[in-house]
Amino acid sequence: MDKEKFGVLQSQSFTGNQFEFVDFCDSDFGKKNLNEAIFLSCAFFNKKSGSGCSFYGNKVRNAKFINCDLTLCNFAFADLFGAEFTNCRLIGTSFENASFSEQLTRKKYFCSGKIEDSNLSNASLAGLILENCSLRGNRWYDTDITKTDFSGADLSDGEFSGIRWSDGNFTGSDLRGASLQGLDIRKVDLSGVRLDAWQISQLVSELGIIVS
């Protein structure tokens, strides 16, 4: 189905509204409030110019992106608490300094967010706190996870390749069913991590240990 071309106007309201099969390429979102908006099969990437939309500093709390192309989009400094990305193309997308967390006190916070069945190849999640978030079934090829906190997160059934495992915090996470290419158990803290028996056997065998 062809997508309707959309130009964002200053007066356009997104909060709580639903958009389906809309082409947002080259739209200027400024610092618009996208809280609780729902985007279904929408495009935010211009294939001709090779550029994605900017959501820099936007409020995107509890918004949902389903089957959307968000390639090379910029979510830097965006408020993404409760946001959901399902079956999306997030190739090269930047989430640097974005937030999926809610600060309760100076020392207390909790996270809420979901990225599932999406392509995060070459995306930047550097510095994100994704504690206890649902991150199932994603493709993580050469994804930047520098100082990313995945503690307690569900990373099951993911495809990992070309990432620097030691750069992130995976303690207490669920990695069952995931391909763990490049994971050296001597260099990564796997305390409390959930793994399948076949994964453990594979990781140990890579150290030259024969499991019978």
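The values are calculated or read from the model by the stated rules, or taken from the named source; none is laboratory data. Owing to the predicted nature of the structure, the values given are computational and were not obtained by experimental measurement. Neighbour counts run over all protein chains shown; Cβ positions are idealised from the backbone, glycine included. Quick note on the areas: whole protein, heavy atoms, side chains included, nothing else; ligands and nucleic acids left out. Shrake-Rupley method; radii C 1.70, N 1.55, O 1.52, S 1.80 Å.
Pairs, please: C-beta under 9 Å, at least 6 apart or cross-chain, first residue over 15 Å from W165 (Cα atoms) and in contact (Cβ under 8 Å) with a residue 12 or more places away in the chain and in segment 186-212, second in a loop (DSSP other than H, G, I, E, B) and open to solvent by 80 Å² or more (accessible area, probe 1.4 Å)?
R194/R176; L195/R176; D196/R176; Q199/R176; V204/I210; V204/V211; L207/R186
In segment 36-48, which residue that is more than 23 Å from F77 (Cβ to Cβ) and in a loop (DSSP other than H, G, I, E, B) is least open to solvent (accessible area, probe 1.4 Å)?
S41
What are the residues in segment 177-186 that are surrounded by fewer than 17 Cβ atoms within 10 Å (Cβ to Cβ) and under 24 Å from N132 (Cβ atoms), if any? If you could, list the steps in order and put the result at the bottom.
Going residue by residue through segment 177-186, those that are surrounded by fewer than 17 Cβ atoms within 10 Å (Cβ to Cβ) are 177, 179, 181-182, 184-186.
G177, S179, I185, listed by residue number.
Give I163, I200, I209 a once-over and let me know the one that is open to solvent by 60 Å² or more (accessible area, probe 1.4 Å), aliphatic (A, V, I, L, M) and not in a helix (DSSP H, G or I). Give the steps one after another, and end with the answer.
Values: I163 fails: open to solvent by 60 Å² or more (accessible area, probe 1.4 Å); I200 fails: not in a helix (DSSP H, G or I).
Exactly one residue qualifies, and that residue is I209.
From the list G82, G127, which one is on the phi > 0 side of the Ramachandran plot, open to solvent by 40 Å² or more (accessible area, probe 1.4 Å) and part of a loop (DSSP other than H, G, I, E, B)?
On the way: G82 fails: open to solvent by 40 Å² or more (accessible area, probe 1.4 Å).
Among G82, G127, only G127 is on the phi > 0 side of the Ramachandran plot, open to solvent by 40 Å² or more (accessible area, probe 1.4 Å) and part of a loop (DSSP other than H, G, I, E, B).
Report, by residue number, each residue of segment 49-64 that is closer than 15 Å to K114 by Cβ and either outside any loop (DSSP other than H, G, I, E, B) or open to solvent by 10 Å² or more (accessible area, probe 1.4 Å) (or both).
Taking segment 49-64 first, the residues closer than 15 Å to K114 by Cβ are 60-64.
Answer for segment 49-64, where residues must be closer than 15 Å to K114 by Cβ and either outside any loop (DSSP other than H, G, I, E, B) or open to solvent by 10 Å² or more (accessible area, probe 1.4 Å) (or both): R61, N62, K64.
Go through (1) at pLDDT 95 or above; (2) β-branched (V, I, T); (3) more than 20 Å from E96 (Cα to Cα) and name the single condition I163 misses.
Unmet for I163, out of (1) at pLDDT 95 or above; (2) β-branched (V, I, T); (3) more than 20 Å from E96 (Cα to Cα): (3).
Within segment 106-124, track down each residue that is at pLDDT 95 or above and in a loop (DSSP other than H, G, I, E, B).
Hits for segment 106-124 are S112, G113, D117, S118, L120, S121, N122, A123.
Only one of N17, N33, N67, N74 is at pLDDT below 95, closer than 22 Å to S94 by Cβ and open to solvent by 10 Å² or more (accessible area, probe 1.4 Å). Can you tell me which? Reasoning before the result, please.
Details: N17 fails: closer than 22 Å to S94 by Cβ; N67 fails: at pLDDT below 95; N74 fails: at pLDDT below 95.
Checking each option against the conditions leaves just N33.
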